[in-house]
1. If you rank ASP269, ASP289 by how much accessible surface each has, with a 1.4 Å probe, what is the order from largest down?
2. Please give the per residue accessible area of the chain, computed with a probe of 1.4 Å over protein heavy atoms only, in Å².
3. Using a 1.4 angstrom probe on the protein heavy atoms only, line up GLU110, GLU241 by accessible area, largest first.
4. What do you get for trypsin sites (Lys or Arg not before Pro) in segment 82-183 restricted to DSSP loop and a cutoff of at most 13 other Cβ within 10 Å of the site's Cβ?
5. Could you state how much accessible area ILE256 has, in square angstrom rounded to the nearest 10, with a 1.4 Å probe and all protein chains kept in place?
6. Quick one: net charge of LEU483's neighbours, Cβ under 9 Å, K/R +1, D/E -1?
7. Return the carbon/sulfur percentage of the accessible area of the chain, one whole number, probe 1.4 Å, all protein chains in place.
8. So what's the gap between the Cα centers of segment 452-491 and segment 99-157, to the nearest angstrom?
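The values are calculated or read from the model by the stated rules, or taken from the named source; none is laboratory data. Keep in mind that this is a model prediction, so the values were computed, not measured. Neighbour counts are summed over all protein chains in view; Cβ atoms, including those assigned to glycine, are modelled from backbone coordinates with ideal geometry. These area figures cover heavy atoms from the full protein model, side chains too; ligands, DNA and RNA do not enter into them. Shrake-Rupley method; radii C 1.70, N 1.55, O 1.52, S 1.80 Å.
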Amino acid sequence: MRNENLKSNLHTLELRFPGIGEQLTASEDEQESKQALAISIEAARNGAVTAKAGGKYLHSRFDPAREARRLIEKELPADCRLTIFEGFGLGYQVEALLESRNDALAIVLEPSTHRFLTALSARPMEELLSNENLSLVVGAQADAIPALLSRFPETTPQTFRLRPLYDADPESFVDYDNALRHFLGRKQVNNATLDRFAGTWTRNLLRNVGPLAEAGDLALLRGKFSHLPALLLAAGPSLDELLDRFEEIKEKVLVIAVDTACRALTLRDIRPDILVVVDPQYWNTRHLDHAKLDETVMVSESSTHPRIFRLRPRRLFFCGSMFPLGIRLESAVGRNAHITAGGSVSTTAFSLARFMGVEELYISGLDLGYPGGSTHFRGSFFEQRGHSFSGRFSPFEHFTHRIIHEAGREEIPTYNGTKIASDSRLSVYRSWFAEQVAAETLPRVYALSGNSAAIKGIEAADIDSLLRLPNIGEEKRRLLALLPQRTEAEIAERRRALEDATNELAAELRHLAGISAKAALLSRSIEKAAGQEKTVSYTVELLNELDRQILSTTSKDIAAFLIQPFLRDFSLHDSSDRGSSLYQAISEAAEGYLAFFHS
């Protein structure tokens, strides 16, 4: 019977995931069968089957399905849409969720192929395995988790651990836990950034219509430097080690700097070949005080603070916006090429180097930790600002101590085998870089400081290895000089198109604000007219028509961007006024955009 169960269950899985049966049985080799904590199958009192592992029952030995339903109801909030199950057992808990909640989504993480196949042999699960809302990660595939969770960007997952199995075999779940922690940490950072800067991004986008008309499409840089090595300069303390020898190095590599490292270069009269600037804040522009960019190509984005573009770099290129308003404006003049962003200027610079096709990438100042108790290179704007706010009772050392300790200090291995202080914020970026390096074979990436936090997949190298490279100075200057720039006629035409697009958008937003405000009033009237059937019926018809109008406006996604914090907390609002609150939020978001148009 068990072989029949296995055959039938695998057949069901094959219909959804062709080839999965062969992959599962092939990965269940002799070594895993012996090393994985096995589960044993027993009969439950009610005639169903249950399982044990490490001497403990994974499910009830009386009625496993009923116990699973009780646990799901008790431990998972009613509005939880996505649940990550750590440990499959015999699947009762997953089954209980998907049977009781039609819109629920489930992701199963089961590290042991042997255990999973044992479960498939134990009982028929065709209905569960054929459910389109079920996703499976089986075996050592923790690197699949970020891509899988990225399919649900608006959903915050809940984790449900099959506790008896997890406690009996915690080591097998370590990779899953790390992948989940890093992904959810990155998402939390992204949400916090959105909440903090949504208005700033919007204001900058509308003020940067001029630079958007002038900037070249980043696509013009794709693969342009495919045969050259590059050096990425970030703003960590280890940058000091390299800059003292920069004159010897600059002819060996294409120099890509991030904005936060620019002050270190300016103090030494160094001009990078390419400068990456993507921060929306005014204070970030201060890193470029007194910078000379007449020989530098700037790569930026349309939501960057407008002050940056007054510096007049040699060439200006924009990468594609990830914001609805930026996408709408770009659409009027042609979308710019998009590169992967990991939440910091250094991740953008790394993606740019890969986009340009560099052969080898050396990095300096990407410490992702605090070597020597320092946060940035000597003389950085961060350091100068810290000194300016210091005093007798609040010395500069207190400033750096807070930075290092306020976000969960942890000790991290370095490339040279020692450890440095780091924190949970920086671990998000370490995992991002590790994922990116693992995903691509090129460029080969080398870290130039042994005291930086080690990133999986990045090799250590010394500065002398740069000096052994052949000179490419003339070739890189030739390629940079060939980069095109827009003509005055082209810029004028793009300005007109952008002006037409902003006027059209303003009219749409005024319409959206009006109908959403009206819908909010109607929604409140329905709440007050409970029990008056005719009144409610007529009002619902009017509200349905307004809904259709809202959904047909092309500006709805732009307004939705500003209400993301509201949407994340939507389930916390009183159920009696959720509808009117949502309409009111849309109306206020549209009005907010209109205020930015005139600010």
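1. ASP269, ASP289
2. 47
3. My answer, sorted largest first, is GLU241, GLU110.
4. In loop regions of segment 82-183 (DSSP not H, G, I, E or B), the sparsely surrounded trypsin sites (Lys or Arg not before Pro) are ARG151.
5. The value for ILE256 is about 0 Å².
6. That works out to +3.
7. So the carbon and sulfur contribution to the accessible surface is 50 percent.
8. Rounded to whole Å, the Cα centres lie 43 Å apart.
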